[in-house]
Amino acid sequence: MEEIQQAGIMVLISGLVVGMLFGFVLQRGRYCMNSAFRDMIFINDYTLLRSYLLALLIAIIGANLLEDMGFMGDSGLRRQSFNIIANIIGGYIFGLGIVVAGGCGSGIIYRIGEGYTSAFVATLGFASSLVATIHGPLKPIMQYLKSFKISIGNGDDAIINPALWDLVGGHRMKWVVIAIIAAIIIPIVLKGKPFAKGPKKGYSWSLTGVFLGLVLILALWASNYWGGQTRGLSAAGPTAEAYLALIFGNSMSKFDPMFDFWGLFKGTWSALYIFGIPLGAYLSARGLGEFKLQAPPASEIMRVFGGSLIMGFGAAVAGGCTVGHALTGVSSLALSSIVATIFMILGNWTMVYFMFIKPMKD
(Lines give C-alpha, C1' and ligand atoms only; values in the text may rest on other atoms or scores of the structure.)
Protein backbone atom coordinates (compact mmCIF):
# COMPACT_ATOMS: atom_id res chain seq x y z
CA MET A 1 0.00 0.00 0.00
CA GLU A 2 1.41 3.36 -1.00
CA GLU A 3 2.26 5.81 1.78
CA ILE A 4 0.54 9.16 1.28
CA GLN A 5 1.51 12.30 3.18
CA GLN A 6 -0.72 15.26 3.92
CA ALA A 7 0.37 18.11 1.66
CA GLY A 8 1.39 21.45 3.12
CA ILE A 9 0.56 24.70 1.37
CA MET A 10 4.19 25.12 0.26
CA VAL A 11 4.09 21.80 -1.57
CA LEU A 12 1.21 23.14 -3.65
CA ILE A 13 2.65 26.62 -4.14
CA SER A 14 6.20 25.53 -4.95
CA GLY A 15 5.06 23.00 -7.56
CA LEU A 16 2.75 25.45 -9.30
CA VAL A 17 5.30 28.30 -9.16
CA VAL A 18 8.08 26.19 -10.70
CA GLY A 19 5.71 25.11 -13.47
CA MET A 20 4.56 28.68 -14.10
CA LEU A 21 8.15 29.93 -14.29
CA PHE A 22 8.98 27.13 -16.73
CA GLY A 23 5.95 27.87 -18.91
CA PHE A 24 6.62 31.61 -18.82
CA VAL A 25 10.22 31.16 -20.02
CA LEU A 26 9.23 28.65 -22.72
CA GLN A 27 6.62 31.04 -24.14
CA ARG A 28 8.80 34.16 -23.94
CA GLY A 29 11.65 32.32 -25.62
CA ARG A 30 9.45 30.49 -28.17
CA TYR A 31 11.41 27.47 -27.05
CA CYS A 32 10.80 23.85 -28.02
CA MET A 33 13.44 21.15 -28.37
CA ASN A 34 11.69 19.72 -31.41
CA SER A 35 12.39 23.03 -33.15
CA ALA A 36 15.95 23.15 -31.81
CA PHE A 37 16.82 19.77 -33.32
CA ARG A 38 14.71 20.20 -36.47
CA ASP A 39 16.10 23.60 -37.45
CA MET A 40 19.66 22.25 -37.51
CA ILE A 41 19.08 20.19 -40.64
CA PHE A 42 15.95 21.75 -42.11
CA ILE A 43 16.95 25.43 -42.27
CA ASN A 44 20.56 25.23 -41.02
CA ASP A 45 19.67 27.40 -38.01
CA TYR A 46 21.45 26.71 -34.71
CA THR A 47 19.81 29.46 -32.65
CA LEU A 48 17.61 27.26 -30.46
CA LEU A 49 20.35 24.63 -30.24
CA ARG A 50 22.67 27.25 -28.75
CA SER A 51 19.92 28.19 -26.31
CA TYR A 52 19.67 24.54 -25.28
CA LEU A 53 23.44 24.18 -24.92
CA LEU A 54 23.66 27.31 -22.77
CA ALA A 55 20.84 26.04 -20.53
CA LEU A 56 22.53 22.67 -20.35
CA LEU A 57 25.90 24.11 -19.37
CA ILE A 58 24.34 26.15 -16.56
CA ALA A 59 22.33 23.12 -15.46
CA ILE A 60 25.33 20.75 -15.48
CA ILE A 61 27.39 23.07 -13.30
CA GLY A 62 24.53 24.06 -10.99
CA ALA A 63 23.06 20.58 -10.56
CA ASN A 64 26.36 18.91 -9.79
CA LEU A 65 27.36 21.67 -7.39
CA LEU A 66 24.08 21.18 -5.51
CA GLU A 67 24.72 17.43 -5.42
CA ASP A 68 28.29 17.76 -4.17
CA MET A 69 27.22 20.27 -1.52
CA GLY A 70 24.59 17.86 -0.19
CA PHE A 71 21.47 19.78 -1.22
CA MET A 72 20.07 16.81 -3.18
CA GLY A 73 19.84 14.52 -0.16
CA ASP A 74 20.88 10.88 -0.07
CA SER A 75 19.44 10.11 -3.51
CA GLY A 76 21.56 12.75 -5.23
CA LEU A 77 20.50 13.57 -8.79
CA ARG A 78 18.72 10.23 -9.26
CA ARG A 79 20.45 9.17 -12.47
CA GLN A 80 18.43 6.54 -14.29
CA SER A 81 19.68 3.00 -14.74
CA PHE A 82 21.22 2.38 -18.14
CA ASN A 83 18.43 0.52 -19.98
CA ILE A 84 20.26 0.69 -23.27
CA ILE A 85 17.68 -0.97 -25.58
CA ALA A 86 14.81 1.04 -24.09
CA ASN A 87 16.85 4.25 -24.26
CA ILE A 88 17.66 3.65 -27.93
CA ILE A 89 14.28 2.42 -29.18
CA GLY A 90 12.17 4.69 -26.97
CA GLY A 91 14.33 7.71 -27.68
CA TYR A 92 14.19 7.15 -31.44
CA ILE A 93 10.40 6.65 -31.45
CA PHE A 94 9.92 9.75 -29.33
CA GLY A 95 12.08 11.73 -31.78
CA LEU A 96 9.87 10.58 -34.65
CA GLY A 97 6.71 11.52 -32.77
CA ILE A 98 7.64 15.06 -31.82
CA VAL A 99 8.02 16.04 -35.47
CA VAL A 100 4.61 14.60 -36.38
CA ALA A 101 3.01 16.24 -33.32
CA GLY A 102 4.71 19.56 -34.01
CA GLY A 103 6.33 19.88 -30.61
CA CYS A 104 8.10 18.07 -27.78
CA GLY A 105 6.36 17.26 -24.50
CA SER A 106 6.90 20.64 -22.86
CA GLY A 107 6.35 22.38 -26.21
CA ILE A 108 2.81 21.11 -26.67
CA ILE A 109 1.92 21.72 -23.02
CA TYR A 110 3.04 25.36 -22.93
CA ARG A 111 1.23 26.10 -26.20
CA ILE A 112 -2.06 25.32 -24.46
CA GLY A 113 -1.42 28.62 -22.67
CA GLU A 114 -1.22 30.39 -26.05
CA GLY A 115 -4.68 29.16 -27.03
CA TYR A 116 -3.79 26.39 -29.48
CA THR A 117 -6.54 23.77 -29.68
CA SER A 118 -4.08 21.41 -31.38
CA ALA A 119 -1.77 21.66 -28.34
CA PHE A 120 -4.59 20.59 -26.03
CA VAL A 121 -5.36 17.61 -28.30
CA ALA A 122 -1.66 16.71 -28.48
CA THR A 123 -1.31 16.86 -24.69
CA LEU A 124 -4.36 14.64 -24.29
CA GLY A 125 -2.91 12.08 -26.71
CA PHE A 126 0.52 12.29 -25.08
CA ALA A 127 -0.91 11.71 -21.60
CA SER A 128 -3.18 8.86 -22.73
CA SER A 129 -0.33 7.06 -24.48
CA LEU A 130 1.94 7.51 -21.48
CA VAL A 131 -0.64 6.01 -19.13
CA ALA A 132 -1.35 3.13 -21.54
CA THR A 133 2.37 2.32 -21.64
CA ILE A 134 3.26 2.88 -17.97
CA HIS A 135 0.13 1.37 -16.41
CA GLY A 136 -1.94 -0.19 -19.19
CA PRO A 137 -1.86 -2.78 -22.00
CA LEU A 138 1.49 -1.63 -23.42
CA LYS A 139 3.27 -2.04 -20.09
CA PRO A 140 4.68 -5.54 -20.88
CA ILE A 141 6.42 -4.14 -23.98
CA MET A 142 7.97 -1.34 -21.93
CA GLN A 143 9.07 -3.74 -19.19
CA TYR A 144 10.64 -6.13 -21.68
CA LEU A 145 12.63 -3.38 -23.40
CA LYS A 146 13.74 -2.02 -20.03
CA SER A 147 14.97 -5.44 -18.92
CA PHE A 148 18.19 -4.97 -20.88
CA LYS A 149 20.44 -3.12 -18.44
CA ILE A 150 24.12 -2.22 -18.55
CA SER A 151 26.22 -1.58 -15.46
CA ILE A 152 29.84 -0.54 -15.10
CA GLY A 153 32.03 -2.64 -12.84
CA ASN A 154 31.47 -6.05 -11.30
CA GLY A 155 29.89 -7.50 -8.20
CA ASP A 156 29.10 -5.21 -5.31
CA ASP A 157 31.03 -2.38 -6.98
CA ALA A 158 28.89 -2.42 -10.11
CA ILE A 159 27.32 0.95 -10.97
CA ILE A 160 23.80 0.43 -12.33
CA ASN A 161 23.11 4.12 -12.99
CA PRO A 162 26.45 5.21 -14.49
CA ALA A 163 27.44 8.76 -15.34
CA LEU A 164 29.76 9.80 -18.14
CA TRP A 165 32.77 10.06 -15.84
CA ASP A 166 32.37 6.41 -14.83
CA LEU A 167 33.77 5.55 -18.27
CA VAL A 168 36.99 7.45 -17.64
CA GLY A 169 38.05 6.79 -14.07
CA GLY A 170 35.06 7.24 -11.81
CA HIS A 171 33.84 10.04 -9.57
CA ARG A 172 37.28 11.60 -9.13
CA MET A 173 37.11 12.58 -12.83
CA LYS A 174 33.71 14.26 -12.47
CA TRP A 175 34.79 17.89 -12.68
CA VAL A 176 37.45 17.15 -15.27
CA VAL A 177 34.71 15.76 -17.53
CA ILE A 178 32.49 18.77 -16.79
CA ALA A 179 35.36 21.14 -17.62
CA ILE A 180 35.91 19.40 -20.96
CA ILE A 181 32.18 19.64 -21.78
CA ALA A 182 32.22 23.35 -20.88
CA ALA A 183 35.23 23.88 -23.15
CA ILE A 184 33.26 22.32 -26.01
CA ILE A 185 29.98 24.17 -25.40
CA ILE A 186 31.29 27.69 -24.71
CA PRO A 187 32.77 28.35 -28.20
CA ILE A 188 29.55 27.11 -29.83
CA VAL A 189 27.47 29.42 -27.65
CA LEU A 190 29.77 32.41 -28.19
CA LYS A 191 29.62 31.94 -31.96
CA GLY A 192 25.93 32.83 -31.77
CA LYS A 193 26.72 36.30 -30.29
CA PRO A 194 24.83 35.80 -27.01
CA PHE A 195 25.24 39.43 -25.92
CA ALA A 196 23.64 40.90 -29.04
CA LYS A 197 20.37 42.79 -28.76
CA GLY A 198 17.36 40.48 -28.57
CA PRO A 199 13.95 40.69 -30.29
CA LYS A 200 11.47 43.47 -29.53
CA LYS A 201 9.05 40.95 -28.05
CA GLY A 202 10.04 37.97 -25.93
CA TYR A 203 13.46 36.80 -24.83
CA SER A 204 16.62 36.43 -26.86
CA TRP A 205 17.90 32.89 -27.34
CA SER A 206 20.68 33.49 -24.84
CA LEU A 207 18.40 34.91 -22.13
CA THR A 208 16.05 31.98 -22.69
CA GLY A 209 18.95 29.57 -22.22
CA VAL A 210 20.07 31.26 -18.99
CA PHE A 211 16.56 31.24 -17.54
CA LEU A 212 15.91 27.61 -18.56
CA GLY A 213 19.10 26.52 -16.83
CA LEU A 214 18.21 28.44 -13.67
CA VAL A 215 14.62 27.14 -13.60
CA LEU A 216 15.94 23.58 -13.86
CA ILE A 217 18.33 24.13 -10.94
CA LEU A 218 15.43 25.58 -8.93
CA ALA A 219 13.25 22.59 -9.87
CA LEU A 220 15.92 20.12 -8.76
CA TRP A 221 16.21 21.76 -5.36
CA ALA A 222 12.46 22.39 -4.91
CA SER A 223 11.46 18.86 -5.92
CA ASN A 224 13.84 17.52 -3.27
CA TYR A 225 12.99 20.05 -0.55
CA TRP A 226 9.20 20.14 -0.92
CA GLY A 227 8.49 17.14 -3.13
CA GLY A 228 10.50 14.65 -1.12
CA GLN A 229 12.59 13.35 -4.03
CA THR A 230 14.99 14.99 -6.49
CA ARG A 231 13.34 15.04 -9.89
CA GLY A 232 13.86 18.36 -11.65
CA LEU A 233 11.90 18.96 -14.86
CA SER A 234 10.29 16.43 -17.15
CA ALA A 235 7.20 16.35 -19.33
CA ALA A 236 6.70 12.57 -19.49
CA GLY A 237 6.17 10.89 -16.11
CA PRO A 238 4.75 14.03 -14.49
CA THR A 239 2.24 14.45 -17.35
CA ALA A 240 0.97 10.92 -16.77
CA GLU A 241 0.76 11.65 -13.04
CA ALA A 242 -1.08 14.94 -13.61
CA TYR A 243 -3.51 13.23 -16.00
CA LEU A 244 -4.27 10.44 -13.52
CA ALA A 245 -4.67 12.93 -10.68
CA LEU A 246 -7.08 15.00 -12.77
CA ILE A 247 -9.17 12.05 -14.03
CA PHE A 248 -9.01 9.57 -11.16
CA GLY A 249 -7.81 11.72 -8.26
CA ASN A 250 -4.67 9.62 -7.79
CA SER A 251 -1.30 9.93 -9.59
CA MET A 252 -0.49 6.27 -8.83
CA SER A 253 3.24 6.91 -8.58
CA LYS A 254 5.40 4.11 -7.20
CA PHE A 255 8.63 6.09 -7.19
CA ASP A 256 7.89 9.58 -5.84
CA PRO A 257 6.25 10.58 -2.55
CA MET A 258 2.50 11.01 -2.87
CA PHE A 259 0.63 13.83 -1.19
CA ASP A 260 -3.02 14.17 -0.23
CA PHE A 261 -4.11 17.63 -1.31
CA TRP A 262 -6.86 18.19 1.27
CA GLY A 263 -9.01 15.39 -0.10
CA LEU A 264 -9.19 16.92 -3.59
CA PHE A 265 -6.69 14.52 -5.16
CA LYS A 266 -3.60 12.48 -4.36
CA GLY A 267 -0.56 13.30 -6.44
CA THR A 268 3.13 14.00 -6.69
CA TRP A 269 4.91 17.33 -6.48
CA SER A 270 5.95 16.90 -10.11
CA ALA A 271 2.33 16.59 -11.26
CA LEU A 272 1.70 20.09 -9.93
CA TYR A 273 4.19 21.86 -12.14
CA ILE A 274 2.58 20.31 -15.22
CA PHE A 275 -0.58 22.26 -14.31
CA GLY A 276 1.59 25.35 -13.83
CA ILE A 277 3.24 25.27 -17.30
CA PRO A 278 0.21 26.42 -19.37
CA LEU A 279 -0.67 28.96 -16.66
CA GLY A 280 2.78 30.55 -16.89
CA ALA A 281 2.65 30.47 -20.68
CA TYR A 282 -0.78 32.10 -20.61
CA LEU A 283 0.46 34.96 -18.42
CA SER A 284 3.41 35.49 -20.78
CA ALA A 285 1.25 35.32 -23.91
CA ARG A 286 -1.30 37.74 -22.47
CA GLY A 287 1.47 40.13 -21.51
CA LEU A 288 2.83 40.08 -25.07
CA GLY A 289 -0.62 40.24 -26.65
CA GLU A 290 -0.08 36.80 -28.22
CA PHE A 291 -2.90 34.80 -26.66
CA LYS A 292 -5.50 33.76 -29.22
CA LEU A 293 -7.81 30.76 -29.39
CA GLN A 294 -6.92 28.90 -32.57
CA ALA A 295 -8.60 25.88 -34.13
CA PRO A 296 -6.62 24.27 -36.97
CA PRO A 297 -8.13 22.05 -39.71
CA ALA A 298 -9.32 18.56 -38.76
CA SER A 299 -6.49 16.99 -40.77
CA GLU A 300 -3.91 18.79 -38.65
CA ILE A 301 -5.71 17.80 -35.45
CA MET A 302 -5.58 14.13 -36.48
CA ARG A 303 -1.89 14.36 -37.44
CA VAL A 304 -0.99 16.03 -34.16
CA PHE A 305 -2.98 13.49 -32.16
CA GLY A 306 -1.28 10.59 -33.93
CA GLY A 307 2.14 12.09 -33.33
CA SER A 308 1.37 12.60 -29.65
CA LEU A 309 0.46 8.92 -29.26
CA ILE A 310 3.84 7.98 -30.73
CA MET A 311 5.53 10.47 -28.39
CA GLY A 312 3.87 9.03 -25.30
CA PHE A 313 4.91 5.46 -26.05
CA GLY A 314 8.47 6.51 -26.89
CA ALA A 315 8.84 8.65 -23.78
CA ALA A 316 7.54 5.92 -21.49
CA VAL A 317 9.90 3.34 -22.97
CA ALA A 318 12.90 5.70 -22.99
CA GLY A 319 12.22 6.75 -19.40
CA GLY A 320 11.73 10.42 -20.24
CA CYS A 321 11.22 13.09 -22.87
CA THR A 322 13.52 15.77 -24.25
CA VAL A 323 13.21 17.84 -21.07
CA GLY A 324 13.51 14.83 -18.77
CA HIS A 325 16.47 13.32 -20.60
CA ALA A 326 18.09 16.01 -22.77
CA LEU A 327 18.00 18.69 -20.06
CA THR A 328 17.44 17.22 -16.59
CA GLY A 329 19.06 13.83 -17.24
CA VAL A 330 22.01 15.09 -19.27
CA SER A 331 22.64 17.77 -16.62
CA SER A 332 23.55 14.87 -14.33
CA LEU A 333 25.60 13.36 -17.20
CA ALA A 334 23.75 10.05 -16.84
CA LEU A 335 24.72 7.67 -19.66
CA SER A 336 21.07 6.62 -20.02
CA SER A 337 20.02 10.19 -20.72
CA ILE A 338 22.92 10.89 -23.07
CA VAL A 339 22.11 7.82 -25.19
CA ALA A 340 18.35 8.53 -25.15
CA THR A 341 18.98 12.14 -26.23
CA ILE A 342 21.22 11.09 -29.12
CA PHE A 343 18.50 8.79 -30.46
CA MET A 344 15.78 11.39 -29.92
CA ILE A 345 17.78 13.69 -32.19
CA LEU A 346 18.26 10.92 -34.76
CA GLY A 347 14.54 10.14 -34.69
CA ASN A 348 13.75 13.83 -35.11
CA TRP A 349 16.08 14.12 -38.10
CA THR A 350 14.64 10.99 -39.71
CA MET A 351 11.08 12.31 -39.59
CA VAL A 352 12.15 15.82 -40.65
CA TYR A 353 13.72 14.28 -43.73
CA PHE A 354 10.62 12.31 -44.71
CA MET A 355 8.09 15.02 -43.81
CA PHE A 356 9.89 18.13 -45.06
CA ILE A 357 13.18 17.64 -46.88
CA LYS A 358 12.32 14.71 -49.16
CA PRO A 359 9.04 16.26 -50.43
CA MET A 360 10.93 19.44 -51.33
CA LYS A 361 13.47 17.41 -53.31
CA ASP A 362 10.73 15.45 -55.09
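The values are calculated or read from the model by the stated rules, or taken from the named source; none is laboratory data. No experiment lies behind these values; they were computed from the predicted model shown. As a convention, Cβ positions derive from the backbone with ideal geometry for all residues, glycine included, and neighbour counts pool all protein chains shown.
The table that follows gives values for the structure above.
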read-out	value
Residues satisfying the stated conditions in the stretch 223-238, i.e. among the hydrophobic types (A, V, I, L, M, F, W, C), surrounded by 22 or more Cβ atoms within 10 Å (Cβ to Cβ) and touching a Ser or Thr at 6+ places or on another chain (Cβ under 7 Å)	L233, A235
The listed residue being at pLDDT below 95, crowded, with 21+ Cβ neighbours inside 10 Å and closer than 22 Å to G347 by Cα, out of G97, G105	G105
Residue in the stretch 7-19 that is under 22 Å from V330 (Cβ atoms) and surrounded by fewer than 22 Cβ atoms within 10 Å (Cβ to Cβ) present	no
Total residues in the stretch 151-196, condition within 23 Å of the chain's Cα centre (by Cα) and farther than 30 Å from L207 by Cα	3
Cross-chain or 6+ apart pairs with Cβ under 7 Å, the stretch 116-132 first and among the aromatic types (F, W, Y), then surrounded by fewer than 24 Cβ atoms within 10 Å (Cβ to Cβ)	Y116/Q294; F120/I112
Given (1) under 30 Å from H171 (Cβ atoms); (2) under 20 Å from the mean Cα position of the chain (by Cα); (3) at pLDDT below 95, number of the condition D74 does not satisfy	(2)
Total residues in the stretch 120-164, condition surrounded by 12 or more Cβ atoms within 10 Å (Cβ to Cβ), aliphatic (A, V, I, L, M) and not in a helix (DSSP H, G or I)	6
Qualifying residue in the stretch 286-308 (condition: of a type in the set (S, T, N, Q), more than 17 Å from S118 (Cα to Cα) and part of a helix (DSSP H, G or I))	no
Hits in the stretch 25-71 - residues which are in contact (Cβ under 8 Å) with a residue 12 or more places away in the chain, β-branched (V, I, T) and more than 24 Å from W175 (Cβ to Cβ)	V25, I41, T47
Residue under evaluation S251, criteria (1) in contact (Cβ under 8 Å) with a residue 60 or more places away in the chain; (2) crowded, with 24+ Cβ neighbours inside 10 Å, criterion not met	(1)
The stretch 36-70, residues that are touching a helix residue (DSSP H, G or I) at 6+ places or on another chain (Cβ under 6 Å) and among the polar types (S, T, N, Q)	T47, S51
Matching residues, the stretch 194-243, being more than 13 Å from L327 (Cβ to Cβ), among the small types (G, A, S), assigned to a loop (DSSP other than H, G, I, E, B) and in contact with a helix residue (DSSP H, G or I) (Cβ under 6 Å, 6 or more places away or on another chain)	G202, G227
Looking only at the stretch 254-313, and only at residues there that are closer than 24 Å to M344 by Cα and among the β-branched types (V, I, T), the one that is farthest from the chain's Cα centre (by Cα)	I301
Enumeration of residues in the stretch 165-191 that are modelled with pLDDT under 95 and either assigned to a loop (DSSP other than H, G, I, E, B) or among the β-branched types (V, I, T) (or both)	V168, G169, G170
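Yes or no, residue by residue, for (1) among the β-branched types (V, I, T); (2) surrounded by 24 or more Cβ atoms within 10 Å (Cβ to Cβ):
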site: I247; (1), (2): yes, no
site: F259; (1), (2): no, yes
site: F265; (1), (2): no, no
site: T268; (1), (2): yes, yes
site: F275; (1), (2): no, no
site: E290; (1), (2): no, no
site: S299; (1), (2): no, no
site: M302; (1), (2): no, no
